[in-house]
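The values are calculated or read from the model by the stated rules, or taken from the named source; none is laboratory data. Keep in mind the model is a prediction, meaning the values are calculated, not measured. Note that we place each Cβ from the backbone using ideal geometry, even for glycine, and neighbour counts take in every protein chain shown. Quick note on the areas: whole protein, heavy atoms, side chains included, nothing else; ligands and nucleic acids left out. Shrake-Rupley method; radii C 1.70, N 1.55, O 1.52, S 1.80 Å.
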Amino acid sequence: MDDTENNPRDSTALEQAIREHGPAMLAVARRLLRNEEDARECVQDAYLRAFTKSDQFDGRSTFRTWLHRIVVNSALGLLRKRKRSAVQTLDGLLPEFDANGCRIEPMWQIDEPLEKVLENRLVRDTVHQSIDKLPDIYRIVLLLRDIEGYSTEEVAQLLDTNVAVVKTRLHRARAALKRLLEPLWTGGEI
Amino acid sequence: MNPDRGVLRKLKGLLGKMPMMLTCQEFEDFVLDYFEGTLTAKENAIFKMHLLVCTDCKRYLAAYKRSVELGQNLFKEPNSPVPDDMPEDLVQAILAAKESEPELGP
């Protein structure tokens, strides 16, 4: 597709851009915001920003990539406005070590190929719910880096922080997600 | 804890304090960079040496990797296809909002 055709300078192009990219953008907003009303507000805000700033679209990236970033920025703006959840710690979810510095790790059964595991609805729902359980400061880094596909540097830029902070949060978020998923592999209660 | 296992863990803890060796707790600090491919050659060698002697960390690393992969692939087709339509009222709301925006200059 010629991306210049998608540049929403007029209503027809805007409508085409909404219909073509809207579902994916709404999915991104839903993941980040976990709230349908906020996600819709975010997407609307992002398209209007894209429309009013269409002269800033320089064609160096695809229109979809440019729009994706606007949606992410809009979602992050909404998250900042929201009253932040009091729970921002990962207590009980990080790796544990004994007095000798040795890891305390349960036995995992990871035999099935990833594709096969992902066919299981229970697994998918559990992964989804586990990501949603993470405190925002970790959840957002995990989503941006591992799911939306931004680089560590890009995430740092989007969150207006530095790479070291992003790396620390990403590692903790992944470790906490692993802990939350343990019941799936150790036969415990989900 | 099984007494034998307790002794074993103490030995492992001591082993981790030897030159070019890591305790599991120290190993943890290298995990992200290992997956990012940003460990130096020396760090990578030390990291892998620990994996040779520590089944707990080996198991941890496999579980960590699997968790990351699950997250990364959760929203990818065909497991979670993006719906191919957009709520019509949202499309119309965006178009209406755009119409009410003041026109910008070129």
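Laid out as a table, the results:
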| item | result |
| --- | --- |
| Estimated buried accessible area (total), pair A and B, 1.4 Å, Å² to nearest 100 | 5000 Å² |
| Surface accessible to a 1.4 Å probe, A:W185 within the full protein complex, Å² | 30 Å² |
| Charged-residue dipole, Cβ positions (Lys, Arg, Asp, Glu), chain A about Cα centre, Debye nearest 20 | 600 debye |
| Within 10 Å of each Cβ in B:26-32, the average number of Cβ atoms from other chains | 4 |
| Angle in degrees between helix A:63-81 and the longest Cα principal axis of chain A, rounded to the nearest 10 | 60 degrees |
| Solvent-accessible heavy-atom area per residue, rounded to whole Å², over the protein assembly as shown at 1.4 Å | 53 Å² |
| Label-to-label distance, nm, for residues given as B:A93 and A:T168 (7 Å Cα→Cβ offset) | 3.8 nm |
| Expected 222 nm ellipticity per residue - DSSP helices of 4 or more, -39500 (n - 2.57), all of the protein assembly as shown, to 500 | -20000 deg cm²/dmol |
| Separation in nanometres of the label points that stand 7 Å from Cα toward Cβ, at A:S61 and B:M49 | 4.2 nm |
| Positive-end residue, chain A charge dipole about Cα centroid, Cβ charges, pick of A:I137, A:I110, A:L181 | A:I137 |
| Percent carbon-and-sulfur accessible area, the protein assembly as shown, ignoring ligands, DNA and RNA, probe 1.4 Å | 51 percent |
| Contact order relative to length of segment A:96-186, as percent, for alpha carbon pairs under 8 angstrom and 6 or more apart | 34 percent |
| Any cysteine of the protein assembly as shown lacking a neighbouring Cys Cβ under 4.7 Å - listed by number | A:C42, A:C102, B:C24 |
| Nearest-ten-degree value, helix A:121-133 long axis tilted from longest Cα axis of chain A | 80 degrees |
| Rg(Cα)/(2.2 N^0.38 Å) for the protein assembly as shown, N = residue count | 1.19 |
| Accessible surface, 1.4 Å probe, highest first, among residues B:I46, B:I94, A:I110 | A:I110, B:I46, B:I94 |
| Relative contact order of chain A, pairs being alpha-carbon contacts under 8 Å that are 6 or more residues apart, as % | 19 percent |
